[in-house]
Amino acid sequence: MEPFIVGGQEVSIEDWPFIAFVEVTWFGLFAMACGGSLISSQTVLSAAHCMDDITEKKAHMLGLSFNIYMGHSSHAKARMTREVKHYETHEDYSPEDVDVLYDIGIMFLTTPVRFSDKVQKAILQPSFSFKEDSHLVVAGWGGTDPERKGTSSERLRAIRMTAKKYRRCKNMDRVICTASKKGHPFTGDSGGPVVNADTRRLVGVVSLRNMDTGITILTSVPDYWDWIRKAQLKLFRKFCGQRK
């Protein structure tokens, strides 16, 4: 049930200036990767399971670091890099929940980023309608080969997806269910941005893909509008002005 982009095509960072590559290391060794969206000069929106599943609710694990890469279609060549000072995840999220409900979190960077044509903050969409917002696009550096888990794409890739009212998601709150016949997100795309194909506004966060049904489940950004605002404010009040 891990979220997994297979298929799709390479895209330019100028079209996704708010996307971030999140690398988790342990004593300098690669542990896992996720995606994220820059939503202010010092905060990155991602999936809670990219944080709490490895830290066990913000427990400080010796040697563990979250590193953020932005501003280049190849994350390995990114010059805008930051470390994560702290993070907030939804208070109701649980790593034991197989449906990955409340799968949303915000990372607070050590220092603000410098905005440019390749580094900008995302615009969050305040509401969602299947009639107006069903055509979506997801991007990331996740694996491109289902047979080779743990590998990532050197270049940023994107694929179009369609939001539908699947029976599998009928009783799931605050999520958007999607599918595509041309591909899907894969390992490493967790937490990455999903935007309205027309407005380019941030609609969802990649949460998981059901391997049996082929449905990719997104955490709905509009449904967490207030939580995002409050969590950001909490982080800024606690850490803004502090040194690294």
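The values are calculated or read from the model by the stated rules, or taken from the named source; none is laboratory data. Everything numeric here is computed off the predicted structure, so don't read it as measured data. In this analysis, Cβ positions are derived from the backbone assuming ideal geometry, glycine residues included, and neighbour counts consider all displayed protein chains. All accessible areas refer to the heavy atoms of the entire protein, side chains included, with ligands and DNA or RNA removed. Shrake-Rupley method; radii C 1.70, N 1.55, O 1.52, S 1.80 Å.
Of everything in region 60-95 that is open to solvent by 50 Å² or more (accessible area, probe 1.4 Å) and part of a loop (DSSP other than H, G, I, E, B), the residue that is modelled with the highest pLDDT is 72. Of all the residues in region 128-158, those that are open to solvent by 70 Å² or more (accessible area, probe 1.4 Å), modelled with pLDDT of 90 or more and outside any strand (DSSP E or B) number 0. Scanning region 222-241 for residues that are of a type outside the set (A, V, I, L, M), under 14 Å from residue 110 (Cβ atoms) and assigned to a helix (DSSP H, G or I) yields 236, 238, 239. Filtering region 159-168 to residues that are more than 20 Å from the chain's Cα centre (by Cα) and either open to solvent by less than 100 Å² (accessible area, probe 1.4 Å) or β-branched (Val, Ile, Thr) (or both) leaves 166, 168. Among the residues of region 96-112, those identified as within 18 Å of the chain's Cα centre (by Cα) and open to solvent by less than 60 Å² (accessible area, probe 1.4 Å) are 99, 100, 101, 103, 104, 105, 106, 107, 108, 109. In the condition set (1) within 22 Å of residue 230 (Cα to Cα); (2) modelled with pLDDT of 85 or more; (3) not small (Gly, Ala, Ser), residue 52 is compliant with all but (2).
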